[in-house]
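*Asks:* Have a look at this one before I ask anything.
The values are calculated or read from the model by the stated rules, or taken from the named source; none is laboratory data. Here the structure is a predicted model, which is why all the values come from computation and not from measurement. Here the Cβ positions follow ideal geometry from the backbone for every residue, glycine too, while neighbour counts run over all protein chains shown.
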Amino acid sequence: MSKSTKKLNKIYLDYASATPIDASVLKVMDKALKQNFANCSAIHDDAVENKKLLDNTRKDIARFFDMHSDEIVFTSGSTESNNLVIQNFKNIVTTNIEHASILEPSSLRSIFFVGVEANGIIDPKKIKKALTLDTELVSVMYANNEIGTIQPIKEIAKEIRHFNKTNNTKILFHTDATQAVNYLDMNVEKLGIDLMSFNAGKIYGPKGIGALYIRRRTPIKKIIFGGDQENGMRAGTENLPAILAFAEALKITEKIKEKENKRLTKLRDYFIQQLLHTNKLEFVGTLLNGDEKERLPNNINVTIPKIPSDLLVIELSARGIMVSSKSACKSGDEKASHVIQAIREAEYGGKLINKEVDGSIRFSMGRETTKQDIDFTLKSLAQILSKLKKWYT
Ligand code: PLP
């Protein structure tokens, strides 16, 4: 990782939103932008060479996840991959904590929302109960982008398989793995899934490139027309430089996954311990959103009752610390968090407590986060809260 991506006197804790590009990924992309610009669909020498490179890169990416290379369709990112899946089906079972790129296209379909548990995790038995003979697709995200909770994908896949066997149905299983690639096991065979969305922008690769895994013989039709690229599944000139960079980013991610997981889990648990279990006056009343352990190693999401979360983000930003917030207040508000609402509803039986003030703040760490960064963040947060609590509580 290039140290130049770390800005002086700034602490970036918003890796769940976007990651900086890795230096060696940038190098691969820069070289390809200059040398591999020929259109893969043309028939001259440069194009044929690029098409070969594209085919080989697809094989490389497939190998990371135990896929066949013809099961990968490159897209512009996870939003497009998710749309490509959802727009192909009418009867869908999904959850109330999915990303908007699942929820919005779903609104035009017959859909059943399985409610999340108070700890931010979906119960596979509730998915099983929601299945009917008409269900065509189940879509459950691998890890939640706001609260980082890891969903029991293997167990859900097992329930779907069992239902299919018993009822002679062919329900497919899709997972949005966008937030999972950095940290979790991505072997599609072991997971038991038919469709999977992922992107490069969350794994220290470039933005604007993603993929959809489509298991062989899965009936999916394209939604973007105008060419036969990607095996006829997605029209548009192939973005070879970004695809090469995507593969390089995946290679690095796979190589350092285990070590980074250990390092970040330690930092995460330290952060949570300091916030929740030390009885430090400023942090009293802080709630952790989502299960304490079954969450991504880089995610800490908390609610600090009565303190507007946007204000906390601005105060932290003024001290050079970049984080994200979601408010759960006013329904209909674009920035309201449906995820926080869902876990509160599970906890309090449909009633939202602290309706006006129950926001959340997400600290998401990454490859450049150090213990010093976390200590400085905790110190700054304590200072901010000691000031704000006088006004708001
Ligand atoms: N799904 C999840 C879980 C995400 O976190 C995101 C981005 O934040 C997306 C989908 C959309 O990804 P993209 O920006 O590649 O379209």
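*Asks:* Just the residues that are within 11 Å of the ligand (Cβ to nearest atom) and polar (S, T, N, Q), please, taken from the range 82-97.
*Replies:* ASN82, ASN83
*Asks:* Right, next: Just give me the residues in the range 207-249 being within 16 Å of the ligand (Cβ to nearest atom) and either small (Gly, Ala, Ser) or outside the structural domain of GLN179 (by TED's automatic domain parsing) (or both), in sequence order.
*Replies:* If the condition is that a residue be within 16 Å of the ligand (Cβ to nearest atom) and either small (Gly, Ala, Ser) or outside the structural domain of GLN179 (by TED's automatic domain parsing) (or both), then GLY208, GLY210, ALA211, GLY236, ALA242, ALA245, ALA249 are the ones that fit.
*Asks:* Determine whether the range 180-203 contains at least one residue that is out of contact with any Lys or Arg (no Cβ under 7 Å at 6 or more places or on another chain), assigned to a loop (DSSP other than H, G, I, E, B), more than 16 Å from the ligand (Cβ to nearest atom) and under 19 Å from ARG63 (Cβ atoms).
*Replies:* yes
*Asks:* Let me ask something else. Could you check the range 356-372 and list, in sequence order, the residues that are in contact with a Leu (Cβ under 9 Å, 6 or more places away or on another chain) and surrounded by fewer than 20 Cβ atoms within 10 Å (Cβ to Cβ)?
*Replies:* Within the range 356-372, THR370, LYS371 meet the criteria.
*Asks:* Also: Which of the helices (runs of 4 or more DSSP H) found entirely inside the range 39-114 contain at least 2 residues meeting this: over 18 Å from the mean Cα position of the chain (by Cα)? Let's see the steps before the verdict.
*Replies:* Values: elements: 45-65, 78-86, 100-106.
Answer list for the range 39-114: 45-65.
*Asks:* Still on this structure, I have one more. So, in the range 75-101, of the ones that are hydrophobic (A, V, I, L, M, F, W, C) and touching a strand residue (DSSP E or B) at 6+ places or on another chain (Cβ under 6 Å), which residue ends up surrounded by the most Cβ atoms within 10 Å (Cβ to Cβ)?
*Replies:* Checking each candidate, the answer is VAL85.
*Asks:* Just name the residue that is modelled with the lowest pLDDT out of those in the range 298-311 that are surrounded by fewer than 21 Cβ atoms within 10 Å (Cβ to Cβ) and under 30 Å from LEU8 (Cα atoms).
*Replies:* The extreme case among them is PRO308.
*Asks:* Can you work out which of the residues in the range 64-81 that are at pLDDT 95 or above and of a type in the set (D, E, K, R) is farthest from the ligand (Cβ to nearest atom)?
*Replies:* Per the stated criteria, the residue is ASP70.
*Asks:* Within the range 135-170, count every residue that is of a type outside the set (Gly, Ala, Ser), out of contact with any Pro (no Cβ under 7 Å at 6 or more places or on another chain) and assigned to a loop (DSSP other than H, G, I, E, B).
*Replies:* Looking only at that region, the number is 13.
Residue by residue, here is whether (1) among the charged types (D, E, K, R); (2) at pLDDT below 95 holds:
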{"position": "ILE102", "(1), (2)": "no, no"}
{"position": "ILE111", "(1), (2)": "no, yes"}
{"position": "ASN119", "(1), (2)": "no, no"}
{"position": "ILE122", "(1), (2)": "no, no"}
{"position": "LYS126", "(1), (2)": "yes, no"}
{"position": "THR132", "(1), (2)": "no, no"}
{"position": "LEU137", "(1), (2)": "no, no"}
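*Asks:* Something else now. Just the residues that are farther than 14 Å from LEU381 by Cβ, surrounded by 14 or more Cβ atoms within 10 Å (Cβ to Cβ) and of a type in the set (S, T, N, Q), please, taken from the range 265-280.
*Replies:* Result: THR265, single match.
*Asks:* Would you confirm whether or not the range 263-282 contains a residue that is closer than 23 Å to LYS59 by Cα, part of a helix (DSSP H, G or I), more than 16 Å from the ligand (Cβ to nearest atom) and in contact with a Phe, Trp or Tyr (Cβ under 9 Å, 6 or more places away or on another chain)?
*Replies:* Checking the range 263-282: not a single residue is closer than 23 Å to LYS59 by Cα, part of a helix (DSSP H, G or I), more than 16 Å from the ligand (Cβ to nearest atom) and in contact with a Phe, Trp or Tyr (Cβ under 9 Å, 6 or more places away or on another chain).
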